[in-house]
1. With label points built 7 Å along Cα→Cβ from the Cα atoms of Glu120 and Arg82, find their separation and express it in nm.
2. Under a Cβ-only charge scheme (Lys and Arg +1, Asp and Glu -1), can you give me the dipole magnitude of the range 76-139 about the Cα centre, in debye to the nearest 20?
3. Using only alpha-carbon positions, what ratio does the radius of gyration of the range 55-143 give when scaled by 2.2 N^0.38 Å?
4. Please list, by residue number, every one of the GluC sites (Glu not before Pro) in the range 60-143 that is coil in DSSP and has at most 15 other beta-carbon atoms within 10 Å.
5. Might you work out the accessible area of Ser122 for me, using a 1.4 Å probe with all protein chains in place, and round it to the nearest 10 Å²?
6. Subtract the Cα-Cα distance of Glu54 and Gln102 from 0.36 nm times their separation in residues, and report this length gain in nm to one decimal.
7. Heavy atoms only, probe 1.4 angstrom, no DNA, RNA or ligands counted: give me Lys106, Lys81, Lys115 ranked by accessible area, highest first.
Amino acid sequence: MIPTQTLMAPPPPLPPLPQKSQNLPLRPPTPPPWSPTLRQRKWRTREEEEEEEEQADDETYEQFEERVVNKRAGQMFVSIKRRLRNNNILFSELVHGNNRKQVAQKFYTMLVLKKLQAVELSQDGPFTEMFLSRGPLFENASL
């Protein structure tokens, strides 16, 4: 005996997709008032952030690169200062959840902070965990 095919009714149509709003906010939602980040965060538009990362007409490429590296070092120093309540921070804690490019940037920034004697870096051996601690100029770092 040959099986017979049963005809089924077509599925109901899908609801229409929502239209994209042209007035999307540039900022994420404001954190709750009890959040410690509310006082620390300064909201900037994407255009302002992109302008800071562009080379000015009157600066050389080396000056631009130095400005970007110094800005990153300052941001990283603030982050380290906030986290450095006990003696050491693991480098892996600073870069948790970052991609390879971000990890490399943070590693280079750590070397810049080491050069400025704001932090001390120590490692037991090659390919082992790196520890960060306060450097001789930690309290008086000029970033």
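The values are calculated or read from the model by the stated rules, or taken from the named source; none is laboratory data. Bear in mind that the values here come from a model prediction, so they are computed numbers and not experimental data. Using ideal geometry, Cβ is built from the backbone for each residue, glycine included, and neighbour counts are taken over all protein chains shown. Remember, those area values only see protein heavy atoms, side chains included, never the ligands or the DNA or RNA. Shrake-Rupley method; radii C 1.70, N 1.55, O 1.52, S 1.80 Å.
1. My value for the distance between the label points is 2.6 nm.
2. Working: 10 positive and 5 negative charges, 60 e Å.
For the range 76-139, the charge dipole is close to 300 debye.
3. So the Cα radius of gyration is 1.15 times the expected 2.2 N^0.38 Å.
4. Values: sites: Glu62, Glu65, Glu66, Glu93, Glu120, Glu129, Glu139; in loops: Glu129, Glu139.
For GluC sites (Glu not before Pro) across the range 60-143 that sit outside H, G, I, E and B with at most 15 neighbouring Cβ atoms in 10 Å, the list reads Glu129, Glu139.
5. Near enough 60 Å² of accessible area.
6. Values: separation 48, 0.36 × 48 = 17.28 nm, distance 1.88 nm.
Full-extension gain reported as 15.4 nm.
7. Lys115, Lys81, Lys106
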